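Every read-out reported here was derived from the displayed coordinates using simple, explicitly stated rules and does not represent laboratory data. Quick caveat: nothing in here was measured; it's all calculated off a predicted structure. Cβ atoms come from the backbone with ideal geometry, glycine included; neighbour counts cover every protein chain shown.
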Ligand code: ADP
C-alpha cells in the first residue's frame, strides 16, 4: 500500500490530504468491503502463523491518531483473525509516576516485540513529541532532540530483527465532531467520551503541525510512516490490513524445516 507511505525527507501537508479518499479501492463500498476484508484477514493470519513458526522476525505496529481517530476499532477489525497468542497490544497513556522518573523510551522499549510476535502500540513514544510538544510539558530543547533519539531507537530495533510499520489514522476535524457527538448521543458510547478530548480538539492546528514534523523527521527507509485516510472506517481497515500483509510478505518468511528425518515416521 505504497500510496500512503511517506518517503524519507518528503514534505507532508496533512491539511491538504483527503481524509475521505477511497482511491485504492474505487469499486468498493462499505458493504462490498466486508468479504474483501475477511479474505485479507485470512491472509494476514496465515502470514502471522509463518512468522510465529519461523521465530526470527518481530513486527512492531505503531498506531497514532487524534481522539476518535479509530485506533481501537482498527486493532479490533484488522487483527481479529490473527492468533491472539502471537500478538501483544499495549496502550500508552499519561506516564505513571514511576515512568516519569525514567527517560521517555524506558516504558516503550520493554513492550517492543519478541521474535515471532506482533506488538501493536496504541499510542507510543510519538506522544513525547505530540501532546508533550503541544502542551509544553517539557521545554522545546528537550522535545526537539527526541526525533534524533527516536530514529536511533527504531534503527536499533530494526537492526536487531524487528520490522516497524508506523500508521497515522488521519481523520478530519468535521469527522471528529461527528464521532464525538455520536459518543454523547448514544448511552452505549458515553463511556468513550472524555471531556479532555475537547482540549486537544481546540488545539487541532497545533497537533497537525506536531504530527507533520514528527512524521517528516522520523519516516525512514527502515521505519516508514503511512498516513491512512480514516474518515471511512471500512476503507481504513482495508488499507491498514493490506499494509501489514505487504510488510510481512516482504520478509519472505517460510516455515522452518524440521531437524528430524520425518520420511519414515508413521503414527500408529
Ligand atoms: P485513548 O485516548 O488512546 O483511547 P486514553 O483515554 O487512556 O487512551 O488517553 C491517553 C492519553 O494519554 C492521551 O490524551 C495521550 O495524549 C496521553 N499520553 C500518552 N502518552 C503521553 C505522554 N508521554 N505524556 C503525556 N500524555 C501522554
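What the table shows:
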quantity	calculated
Most mobile of 106, 143, 234 in a GNM of the chain (Cα contacts under 10 Å)	106
Spin-label model distance (nm) - residue 255 vs residue 141, 7 Å beyond Cα toward Cβ	5.9
Mean Cβ neighbour count within 10 Å, used as a protection proxy, ranking 44-50, 61-67, 180-186 highest first	61-67, 44-50, 180-186
Compactness of segment 100-225 as Cα Rg over 2.2 N^0.38 Å, two decimals	1.19
GNM flexibility winner over the chain from 103, 72, 88 (Cα, springs under 10 Å)	103
Fraction of alpha-carbon pairs over 16 Å apart in segment 158-268 - percent	74
Additional length obtainable on full extension of the chain from residue 204 to residue 262, 0.36 nm per residue less Cα span	14.8 nm
Directionally averaged projected area (convex hull, Cα atoms, segment 1-132), nm²	10.2
Most mobile listed residue (78, 141, 89) in the chain, GNM with C-alpha springs under 10 Å	141
Compactness of the chain - radius of gyration and Dmax, Cα, Å	19.7, 71
